[in-house]
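**Q** Before we start, here is the structure in question, set down as structure tokens.
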Amino acid sequence: MTSLERLAREYGSSRSLAARLADVRPPRSPRAEAALETVVRDSSGPRISIGGGPLRAHPSFWNLNLALFPNVDVVGDAHHLPFAPASLGAVHCEAVLEHLEDPGRAVAEMLRVLKPGGYVFAATPFLQVFHGYPDHFQNFTLAGHRRLFERSGFEILDSGACVGPAFTLVDITSNLLREYVPIRVLSRIGWVVTRVVGRVVVQLDRLLLRSPASHVVASTTFVLACKP
């Protein structure tokens, strides 16, 4: 089975009870939410969500992915976006750049397809465990995230922590138990219990994300950038 076939099966299959119990929805930084709101409110022209599906970041975004998974509107590769130069008003790219072998090429493609004045909102892991969809090549510090876009010619409008330190703690602890407790049933129980308790713990991020240093132990960081 190819990596794309595995990914398609995951998109199409119903989630297990354990996976549903272990689902943690952490609060996001108000600044990141405001940045995404800016993209939706102020951009003109078509908007694309790279790596989107099966959910939509916003009803106005088209989802682009590697194959016709559920709720995917455009099939394409982030390294070679199937759009004409200066044809899009906005790009959304969340939890994608860590999976790309050449993220610099992908960001250069975003610049190419955006109209002058077009926005990009990107949110990318900093402190997260390996997760391959279909692979996982890198994470980014906030400084590295900003420079990735600056090198391609974007103007950075805002950046900072997106998902905060409390979720980092819950995510890494739960995955540590799942990967390294030797008895499988105990490892799965530890993973689920940690994440169920973590639903309460992550609410601390409503406070921690107010700190200017929240990016130092953030799970993900965001960048809001504009094509000059």
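**Q** For a quick size check, give me the Cα extents of the chain along its three principal axes, largest first, whole Å.
**A** For the chain, the Cα extents along the three principal axes come out at 54, 45, 29 Å.
**Q** Per DSSP H run of n ≥ 4, the term is -39500 (n - 2.57); total these for the chain, divide by its residue number, and report the mean residue ellipticity at 222 nm rounded to 500 deg cm²/dmol.
**A** Result for the chain, helices only: -11500 deg cm²/dmol.
**Q** Calculated FRET efficiency, ALA143 and ILE172, Cβ-Cβ r, R0 25 Å, to nearest 0.05?
**A** Taking R0 as 25 Å, the efficiency between ALA143 and ILE172 is 0.75.
**Q** Hey, another quick one. Determine how large the accessible area of ASP171 is when every protein chain is in place; take a 1.4 Å probe and give Å² rounded to the nearest 10.
**A** The accessible area comes out at roughly 20 Å².
**Q** Between VAL193 and ASP158, what length in nm is gained on full extension when 0.36 nm per residue of separation is reduced by their alpha carbon distance?
**A** 9.0 nm
**Q** Treat each spin label as a single point 7 Å out from the Cα along the C-beta direction, and report the VAL129 to ALA213 distance in nm.
**A** Here the answer is 2.7 nm between the modelled labels.
**Q** Shifting gears a bit: Could you calculate the contour length gain from ALA18 to LEU186, that is, 0.36 nm times the residue separation minus the distance between their Cα atoms, to one decimal place in nm?
**A** 59.2 nm
**Q** Continuing with the same structure: Ordering ASP158, ASP73, ASP205 by accessible area with a probe of 1.4 Å, largest first, what comes out?
**A** Greatest to least solvent exposure: ASP73, ASP158, ASP205.
**Q** Would you tell me the accessible area of ILE189, worked out with a 1.4 angstrom probe on the heavy atoms of the protein chains, in Å² to the nearest 10?
**A** 90 Å²
**Q** Let me ask something else. Net charge within 10 Å of TRP62 by Cβ-Cβ distance, Lys/Arg positive one each and Asp/Glu negative one each, not counting TRP62 itself?
**A** With Lys, Arg at +1 and Asp, Glu at -1, the neighbours total +1.
**Q** Which FRET efficiency value, to the nearest 0.05, is calculated for SER87 and ARG56 with the Förster distance at 25 angstrom and r the Cβ-Cβ distance?
**A** The formula returns an efficiency of 0.80 here.
The values are calculated or read from the model by the stated rules, or taken from the named source; none is laboratory data. Keep in mind that this is a model prediction, so the values were computed, not measured. So basically every Cβ, Gly included, is an ideal-geometry build from the backbone, and we count neighbours across all protein chains shown. We work out accessible area using only protein heavy atoms, side chains counted, and drop any ligands, DNA or RNA first. Shrake-Rupley method; radii C 1.70, N 1.55, O 1.52, S 1.80 Å.
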